[in-house]
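**Student:** I am attaching a structure below and will ask some questions about it afterwards.
The values are calculated or read from the model by the stated rules, or taken from the named source; none is laboratory data. Note that this is a predicted model, so its numbers are computed, not measured. As a convention, Cβ positions derive from the backbone with ideal geometry for all residues, glycine included, and neighbour counts pool all protein chains shown. Ligands, DNA and RNA are excluded from the accessible area calculation, which covers all protein heavy atoms including side chains. Shrake-Rupley method; radii C 1.70, N 1.55, O 1.52, S 1.80 Å.
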Amino acid sequence: MLSSLPGDCRIANIARRSSRLFWIFLTLGLLSLSTDALAHAIAQGDKGYIQEITGVNLIAFTYLGAKHMVTGYDHLLFLLGVIFFLYQMKHIAIYVSLFALGHSTTMLLGVYFNVGINSYIIDAIIGLSIVYKALDNIGAYQRWFGFQPNTRAATLIFGFFHGFGLSTKIIEYDISPDGLIPNLLAFNVGVEIGQLIALAMILIVISFWRKTDGFFRHAYTANVAMMSAGFLLFGYQLTGYFVA
């Protein structure tokens, strides 16, 4: 059907659909905050599998790592906030690499050295990372405090927290020490593969949305929605901490 339309009309139609896809994704992220599907939780079936297997299982752990990233709405919302106003691929690569470096470092070291942090506290901090980035995107720090935080340093630091969130869950599942290091490396490779897949999907949608007149008109609202999601995650996890 689109092939019968003039080129400009086809682009406009794709852009409008991309805008709708963005809002659908954001809505799903908000809805997921009321479930155990996010905040580094691993599905029950995967949890049982992790606890039962022993030895080196590279393919299985790579798959689990990729699945975790693609279905982790807290990761994806933060990643969306990071690239929201980045237009050049070299800048996107720098920020995503910083996030990956932070995430990988604390995930691997946290599990290897058995450094566990209360999962409610770490996930509450992850919720605040989404709030931070949304506020940064709408220029709140410059208006309120008259300065701009170092965005690269913040991305790396929050990457550390995201990695600790995952390592804490892995430690709780008490996986076999037999083949631990190769399996962790495979899991981390899977996480990065999942991140690249998610990033590609986000970039496709947002690049078409940017072609519409409504992008800058709705950018503020989109970031307020992301900030609300972060506050919901923060409150959800903080409530869990006090009632658990």
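**Student:** Give the lysines reachable from Lys133 as a straight Cα distance under 26 Å; neighbours fewer than 8 places away on the same chain don't count.
**Tutor:** Lys67, Lys90, Lys169, Lys211
**Student:** Please work out how much accessible surface Phe85 shows to a 1.4 Å probe, ignoring ligands, DNA and RNA, in Å² rounded to 10.
**Tutor:** Result for Phe85: roughly 80 Å² accessible.
**Student:** Ranking request for peptides 212-221, 198-207, 230-239: highest mean number of other beta-carbon atoms within 10 Å first, then the rest in descending order. Walk me through the numbers before you get to the answer.
**Tutor:** Working: 212-221: 13.1, 198-207: 16.1, 230-239: 19.0.
Descending mean neighbour count gives 230-239, 198-207, 212-221.
**Student:** Further, regarding this structure: Relative to the compact-globule scaling 2.2 N^0.38 Å, provide the ratio for the alpha-carbon radius of gyration of the stretch 89-244. Write down the numbers at each step before the final one.
**Tutor:** Values: Rg = 17.4 Å, N = 156, 2.2 N^0.38 = 15.0 Å.
Output field value: 1.16.
**Student:** When the expected Rg is taken as 2.2 N^0.38 Å, what fraction or multiple of it is the alpha-carbon Rg of the stretch 139-225?
**Tutor:** Numbers: Rg = 18.7 Å, N = 87, 2.2 N^0.38 = 12.0 Å.
Normalised by 2.2 N^0.38 Å, the Cα Rg of the stretch 139-225 equals 1.55.
**Student:** Given 20 °C and 1.002 mPa s, compute D for the stretch 93-157 with the Stokes-Einstein relation, Rh being the Kirkwood radius over Cα pairs; round to the nearest whole µm²/s.
**Tutor:** Details: Rh = 13.4 Å.
Roughly 160 µm²/s, to the nearest whole number.
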